[in-house]
1. If I go through segment 89-100 residue by residue, how many of them are assigned to a helix (DSSP H, G or I) and within 14 Å of the chain's Cα centre (by Cα)?
2. Being outside any helix (DSSP H, G or I), closer than 21 Å to Met77 by Cα and in contact (Cβ under 8 Å) with a residue 60 or more places away in the chain is the filter here, so list the residues in segment 1-23 that pass it.
3. Any chance you could count how many residues in segment 13-36 are closer than 22 Å to Gly110 by Cα and surrounded by fewer than 17 Cβ atoms within 10 Å (Cβ to Cβ)?
4. Does Phe39 satisfy the condition of being out of contact with any helix residue (DSSP H, G or I) (no Cβ under 6 Å at 6 or more places or on another chain) and either open to solvent by 10 Å² or more (accessible area, probe 1.4 Å) or not hydroxyl-bearing (Ser, Thr, Tyr) (or both)?
5. I need a count of the residues in segment 24-52 that are small (Gly, Ala, Ser) and in a helix (DSSP H, G or I).
6. Mind counting the residues in segment 65-97 that are open to solvent by 60 Å² or more (accessible area, probe 1.4 Å) and farther than 16 Å from Pro50 by Cβ?
Amino acid sequence: MKIGFVGLGNVGGKLAGSLLRNGFDVTVHDLNPDLVAEFVPRGAKPTSGPLALMQDCDAVITCLPSPAASAAVVEEMLPAVDSSKIWMEMSTTDADQIKAHATQIIAAGGEAVDCPVSGGCHRADTGNIAIFAGCERSVFEQILPILTTMGRRILHTGDLGSASVLKVVT
């Protein structure tokens, strides 16, 4: 499975690094080209932006600093979404926003997962992070190998949006 990763900041960079260390085919994008340049020698492929990432990858993970950043990336990726695509939102956002974006992805034929992380940057770097996943069970089973590479404790929380609610509660 080809994985795209948008957002190589404090947490995202560590999660993308785990995927690379474990042999996944990863293409990366960040607004900071210096961050992308750090990942290329480690085996990542660069891309021109979120649209190209969604076109070229099976699953795209977003790990972004704000709801506005997530909204902009989803809007840019949307024309390339089809039934073969999965969007995994690892940013910390609210359930209503994730559902709104997921509705767009699903309407285009794709699958959507809200999968925020808990544990902080230092744990993300060691793979000792918790990941909550709200999505259809069949999608969860499909992405489980990706999630278990990035985190140690993985929990399927039920319907889309439930993971974001659980993250806020914990």
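The values are calculated or read from the model by the stated rules, or taken from the named source; none is laboratory data. Remember, predicted model here, so these are calculated numbers, not experimental data. No Cβ is skipped: glycine too gets one built from the backbone with ideal geometry, and neighbour counts run over all protein chains shown. Accessible surface areas use protein heavy atoms only, side chains included; no ligands, DNA or RNA. Shrake-Rupley method; radii C 1.70, N 1.55, O 1.52, S 1.80 Å.
1. Counting residues in segment 89-100 that are assigned to a helix (DSSP H, G or I) and within 14 Å of the chain's Cα centre (by Cα) gives 1.
2. Met1, Ile3, Val6, Gly7 - these are the residues of segment 1-23 that are outside any helix (DSSP H, G or I), closer than 21 Å to Met77 by Cα and in contact (Cβ under 8 Å) with a residue 60 or more places away in the chain.
3. Matching residues across segment 13-36 total 1.
4. yes
5. Number satisfying all stated conditions: 2.
6. Counting residues in segment 65-97 that are open to solvent by 60 Å² or more (accessible area, probe 1.4 Å) and farther than 16 Å from Pro50 by Cβ gives 5.
Yes/no per residue for (1) charged (D, E, K, R); (2) within 19 Å of Val6 (Cα to Cα); (3) assigned to a loop (DSSP other than H, G, I, E, B); (4) in contact with a helix residue (DSSP H, G or I) (Cβ under 7 Å, 6 or more places away or on another chain):
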position	(1), (2), (3), (4)
Leu78	no, yes, no, yes
Ser84	no, yes, yes, no
Ala102	no, yes, no, no
Gly109	no, no, yes, no
Val139	no, no, no, no
Ile143	no, yes, no, no
Leu155	no, no, no, no
